[in-house]
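Below is one structure; the comments refer to it alone.
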């Protein structure tokens, strides 16, 4: 049986934040999860784990293991209260071209909560680098990733699909500006991950100067605060929900469910922005007087205008994806032929070494390569036949002057 590519996915399309956060995989647990899956399913030769705020997806390459088996194993590992209900929240497929189409739509931003999201590609790159570290890139998955990067380049160069901002980080800063139109703003940023770094990078365009930074690993906070000239805020105070006199609290700490459960009432209005999954801020706080709370879903809803502008380019993106999928399908169909031709090429080079003075092969490598390439082009005419060594001998005799 030949290998195929499979996937399982729980995303904003199939589940809300509270359901997705049950399956969130922290950075420090990704390697362990991938090793556990590989140990449980020995025929898996390629494995790719994508974890973002809006989706948790597992892609894998195997001969016999099916998507439902990996989904059930993953649900069991997470020990959810209602596993049968949880299983229904997942999309899945065992058909290679369906899986590759899904990956192309995700990587292009076509399936993102914010249409045309550009951050997803960097997240995919980072995830696939982890697969390569473990030697789990797989030949079919690796080819799919080549299609992903080719599509990205064409979409950027040939369409308007990526025009305008879709960044959660940038949008968060715009929300602050709209909420506090005048006067200085005192901001507490919790976390030092990718989205926190993006906020600090984009702040160059907004110019907020009174930003405090807090993180459970002080070393990371010090490094980032030195780079952006920030003030440090005690992690212990964050744990105690002691937030002094901040106007804005942006929380993006990894794997800290309901880190913020209480906010002391104040006369002035306060803005809370939760950019984490699992959610850092207890959703009930939005009912407190003077509090405005934005989470991932509400921020995405606010980006609807950008989404509408990009809809006009969807058809062009779909055509690019269809083209990439056809190319992948052609490559997939030619896989058996490539394997056979690879064997022929090896036989050719061995036979050529014998014809071209085996005792001095090192002098003839350039000639062997040139003749081998010409002969391979001739052998391609016989893919439907079993090519015998006798035919190879005949072709060589016609090609090489002894």
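Every number here is computed from the coordinates shown, using simple stated rules; none is lab data. Not measured: the values here are computed from a predicted model. All Cβ positions, glycine included, derive from the backbone under ideal geometry; neighbour counts span all protein chains shown.
How do 152, 95 line up, fewest other C-beta atoms within 10 Å first?
Listing 152, 95 from fewest to most nearby Cβ atoms yields 95, 152.
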(message) Which of the three applies to the range 168-307, rounded, prolate or oblate, going by the alpha-carbon gyration tensor with a ≥ b ≥ c and a/c under 1.5 meaning rounded?
(response) rounded
(request) Return the distance in nm (one decimal) between the two label points of a simple spin-label model at residue 255 and residue 80, each offset 7 Å from Cα along Cα→Cβ. (result) 1.9
(request) Estimate the FRET efficiency between residue 308 and residue 39 by the formula 1/(1 + (r/R0)^6), using the beta-carbon distance for r and 41 Å for R0, to the nearest 0.05. (result) 0.30
(message) Contact order normalised by length for the range 4-162, with contacts defined as Cα pairs under 8 Å and 6 or more residues apart; what percent is it?
(response) 31
(request) When a/c is below 1.5 the answer is rounded, else prolate if a/b is larger than b/c, else oblate, so apply that to the range 4-162 with a ≥ b ≥ c taken from the square roots of the Cα gyration tensor eigenvalues. (result) oblate
(request) Give the distance, in whole Å, between the Cα centre of the range 65-111 and the Cα centre of the range 240-300. (result) 31
(message) Within a 10 angstrom radius of the beta carbon, how do 55, 197 rank from fewest other beta carbons to most?
(response) 197, 55
(message) Once R0 is set to 22 Å, what does the formula 1/(1 + (r/R0)^6) return for the Cβ-Cβ distance between residue 240 and residue 31, expressed as a FRET efficiency to the nearest 0.05?
(response) 0.10
